[in-house]
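What follows is one structure encoded as structure tokens, with my remarks underneath.
The values are calculated or read from the model by the stated rules, or taken from the named source; none is laboratory data. Keep in mind the model is a prediction, meaning the values are calculated, not measured. Neighbour counts are summed over all protein chains in view; Cβ atoms, including those assigned to glycine, are modelled from backbone coordinates with ideal geometry.
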């Protein structure tokens, strides 16, 4: 099966045809909850806010949520412990833990206990939106073992681990291939440096220098040279957008 | 720490000392006993001799020589060979009666020292020792009565033998008891020592298994356990406090961050403030990571077997392009298959901090070398560069939190990178060294090897 970028369903557009998807927010801090609700609304989804651990776990079982955002250190318990209970309740929602326990060790603990993503507080709203978009996309794109992912004239062959632009081979390093694969999975959307570091390098701490920029820069130059126009764009603030169909820089 | 060897055990020495004293006292008592017994025997012999010679003398007084001769002959006949000697001579030295022919050689004849007042010990036929008394009866008849020492000597020999055996048995018993007692004590003490070792290595949750016995060892163990409980509670409280601080401060920081987004008109200032917030959070994280790693120092839980070379390679690959873009040449020499017990995330952070520093402080044209090899029974990670090195004045407290060189004040950073490196190394039981180089900075971190 070939996945065409042109037919990719953007979550933002989803609400036009369908009823908006719901995202459960379990957070006791009002300001954080409001910021989360705004981010959810920005993505065209419907936020439902709960303020305690037990209410959150109960609510997760009552309706069909696309994503559950769970705080840790809530009145009544640790959001990481809620993951197993939400899963046991039969919910298939993807779980994003957002917590002030933001060290790499905390993140790894959360991910190992079944969180689908982990975001440390304080968070940039843009980072939260990027994480939510990636999760929503993961929820809707179940099949990703396509051998060929094509975006117009840019083709990524998963098994051969090659990239072609206009049928010309673009030599990429193994890491660059993983980078472009992750970009492709989130095509058209902002991907942050932390997301890249976590998914491509499996590192959960924030390095002092923006090492990721150098890698993205190299890949970006290779693709730009081959395509004759920008493929990876710099997003305001925190990240990049992979969009081969967009022409501007 | 190695367990105390039996030979060096204080309890063994104490038990042996006590046993030795008791043994000495027993030997002394037996020696006194022996001496008393031998003196008693001697006195008894002397009395027998005295009464013998007295009765002969009396017989002579009453019934003269013929009766005495008959009595002596009679007595000599009754006496078993070698038990006693009797001899009666006349004035001319002719033997009148007795069981020996002549006055024994070596025993001074009559007028000599032998008298009934002073019994003399002498040797006669076949080397048998005799104890004898002599008296010259009125009319010039020398009379000798002697009894063999054999019986006394045998008794005393037997006694000495018994004493020797007793001493041997006592020594053996002392050694056995000492060994047993100290083994018993050592086992209990060793258990507490082993526990203390585990705690010193960082396993605060370590406890002795089983029930506490109602003796002094049980009391010691209970005290140690109470102490450990308290330390563990304090530690947990400290950890909870750090987490709470992080949480309580992050929440208002989060509100600031969310409100920043609402600001309009000064995008550059907002961007700068975002950067400041991020740096603040980074300091938090570094401090929490440092205290977290130090708190978990030496604890096995959380560490998994991993290929250190692989982690080194991954982080090197992450930084290599950055170094290249900064005009540095970067080399990575990693031996294969060097496995340790480690936490991948922490190790990656350690290598990342060191590479970050090297890249930050080196100038274009410098070289950074990252190597991993096995040396001296450890897996040694070395990061060396040809950069400006470290000023001597901060070399000694390079690993302390917030240590920065004066000349680097205008460079970004908070002086937490190396403190975290040290904490992570300690978490892995690794030793850090700063070998002096002619040029640049070098650091080696020697990890314990994972066997098998």
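At a glance:
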read-out	value
The stretch B:225-256 - residue that is within 30 Å of residue B:206 (Cβ to Cβ) and touching a helix residue (DSSP H, G or I) at 6+ places or on another chain (Cβ under 7 Å) and, of those, surrounded by the fewest Cβ atoms within 10 Å (Cβ to Cβ)	B:235
For residue A:109: the one exception among (1) away from chain B (no Cβ under 14 Å); (2) not in a strand (DSSP E or B)	(1)
Test set (1) in a strand (DSSP E or B); (2) over 26 Å from residue B:253 (Cα atoms) - residue A:98 fails condition number	(2)
Residue match in the stretch B:341-360 (condition: over 50 Å from the mean Cα position of the chain (by Cα), within 12 Å of another protein chain (Cβ to nearest Cβ) and surrounded by fewer than 20 Cβ atoms within 10 Å (Cβ to Cβ))	yes
Residues of the stretch B:257-277 classified as facing another protein chain (nearest Cβ under 8 Å), in a helix (DSSP H, G or I) and surrounded by 15 or more Cβ atoms within 10 Å (Cβ to Cβ), total	4
Residue in the stretch B:291-303 that is part of a helix (DSSP H, G or I), within 9 Å of chain A (Cβ to nearest Cβ) and free of Cβ contacts under 8 Å to residues at least 24 places away in the same chain present	no
Answer residue from the stretch A:206-249, given it is assigned to a loop (DSSP other than H, G, I, E, B) and free of Cβ contacts under 8 Å to residues at least 12 places away in the same chain and is farthest from residue A:127 (Cα to Cα) among those	A:228
From B:327, B:376, B:389, B:365, residue being more than 9 Å from chain A (Cβ to nearest Cβ), surrounded by fewer than 20 Cβ atoms within 10 Å (Cβ to Cβ), on the phi > 0 side of the Ramachandran plot and under 43 Å from the mean Cα position of the chain (by Cα)	B:376
Enumerated strands (runs of 3 or more DSSP E) restricted to the stretch B:368-452, each holding at least 2 residues that are free of Cβ contacts under 8 Å to residues at least 40 places away in the same chain	B:431-433
Qualifying positions in the stretch A:25-54 - in a helix (DSSP H, G or I), closer than 17 Å to residue A:67 by Cβ and without any contact (Cβ under 8 Å) to a residue 60 or more places away in the chain	A:33, A:37, A:41
Any hit, the stretch A:90-97, residues being within 14 Å of chain B (Cβ to nearest Cβ), free of Cβ contacts under 8 Å to residues at least 24 places away in the same chain, over 21 Å from residue A:241 (Cα atoms) and buried (at least 22 other Cβ atoms within 10 Å of the Cβ)	no
Flag if residue B:307 is closer than 23 Å to residue A:173 by Cα and within 14 Å of chain A (Cβ to nearest Cβ)	no
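Quick grid of which residues meet (1) outside the structural domain of residue A:101 (by TED's automatic domain parsing); (2) at pLDDT 90 or above; (3) assigned to a helix (DSSP H, G or I):
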| site | (1), (2), (3) |
| --- | --- |
| A:123 | no, no, no |
| A:132 | no, yes, yes |
| A:164 | yes, yes, no |
| A:179 | yes, yes, yes |
| A:188 | yes, no, no |
| A:191 | yes, yes, no |
| A:197 | yes, yes, yes |
